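Accompanying notes for the structure given below.
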Amino acid sequence: MTAFGPRAGADTTFLCAGSVTGMSEELPGFPYHPDPLATGAVVASSTMCLCCGRARGFIYTGPVHAVEELSNLLCPWCIADGSAAAKYDAHFIGDPVGDDVPLEVVMSVDTCTPGFSSWQDPRWFFHCGDGTAFMGAVGAAELAMFPDVREELRSEAGAWGWSAEGVDSCLGALDKDSQPTGYLFMCRTCGRYMAYADFT
């Protein structure tokens with residue numbers, strides 16, 4: 001499955017046989033981040049998780065907002081069940097953007113979902129009263145599949161006072177592996193795609 005594969009609302013799990021620990025273990029499903037392996041938020045690693053004390057073959061590589069330094073030290077299981085958030089008062093998704101939703105919804109997404117690394121502080125979209133699913137980093141080539149998203153990015157950049165030429169140049173330069181980069185989300189209720197772009 002790619003980052004643009006099945007609808008994120010599906011109950012998605014991943015069977016990862018032959019991991020670096022030599023064990024076969026099913027990664028937990030993340031409804032708001034359906035393919036953390038494809039996005040690079042979770043990678044194969046023999047690192048022991050600081051929270052559970054186990055080396056389970058995978059480690060989370062995204063941002064952790066906590067007092068303690070926890071980068072590359074938490075396993076996906078301890079994020080999924082909320083134990084890492086509870087133990088370290090940790091949060092993972094960055095700034096919520098979009099619909100007003102109950103705090104418990106935001107906190108559910110923020111404490112049990114792998115985040116993603118971006119050039120600046122990451123943002124996470126909320127839509128239809130729920131968190132959206134992060135589909136991955138995108139560049140101009142990937143955005144060609146999402147013309148509505150591209151037009152929304154165009155309008156946003158235009159609102160910053162950029163010239164039409166500047167906006168076209170920025171959108172054409174979007175690169176999923178280099179800056180500027182777009183970050184694509186999908187509403188789990190209505191299926192609408194949305195994105196933002198950033199750079200240093």
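The values are calculated or read from the model by the stated rules, or taken from the named source; none is laboratory data. Everything quoted here is computed from the prediction, not taken from an experiment. All Cβ positions, glycine included, derive from the backbone under ideal geometry; neighbour counts span all protein chains shown. Areas reflect the complete protein model, heavy atoms only, side chains present, ligands, DNA and RNA absent. Shrake-Rupley method; radii C 1.70, N 1.55, O 1.52, S 1.80 Å.
Quick one: which of Arg150, Arg154, Arg188 is open to solvent by 20 Å² or more (accessible area, probe 1.4 Å) and not in a helix (DSSP H, G or I)? Break it down stepwise before answering.
On the way: Arg150 fails: not in a helix (DSSP H, G or I); Arg154 fails: not in a helix (DSSP H, G or I).
The conditions single out Arg188.
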(message) Among the residues of the stretch 131-147, what is the count of those that are open to solvent by 10 Å² or more (accessible area, probe 1.4 Å) and more than 13 Å from the chain's Cα centre (by Cα)?
(response) 7
(message) Quick check on the stretch 114-126. Is at least one of its residues in a strand (DSSP E or B) and of a type in the set (Asp, Glu)?
(response) no
(message) Can you tell me which residue is surrounded by the fewest Cβ atoms within 10 Å (Cβ to Cβ) among those in the stretch 110-130 that are within 11 Å of the chain's Cα centre (by Cα) and under 20 Å from Gly191 (Cα atoms)?
(response) Arg123
(message) Here's a check for you: in the stretch 82-109, which residue that is open to solvent by less than 30 Å² (accessible area, probe 1.4 Å) and touching a Lys or Arg at 6+ places or on another chain (Cβ under 9 Å) is modelled with the lowest pLDDT?
(response) Gly94
(message) Every residue in the stretch 157-185 that is surrounded by fewer than 19 Cβ atoms within 10 Å (Cβ to Cβ) and part of a strand (DSSP E or B), please.
(response) Asp175, Ser178
(request) Search the stretch 39-70 for residues being open to solvent by 60 Å² or more (accessible area, probe 1.4 Å) and of a type outside the set (Val, Ile, Thr), and hand back the single one that is nearest to Lys176 (Cα to Cα). (result) Ala44
(request) Might you check whether a residue that is part of a strand (DSSP E or B), touching a residue at least 24 places away in the same chain (Cβ under 8 Å) and closer than 22 Å to Arg123 by Cα occurs anywhere in the stretch 72-88? (result) no
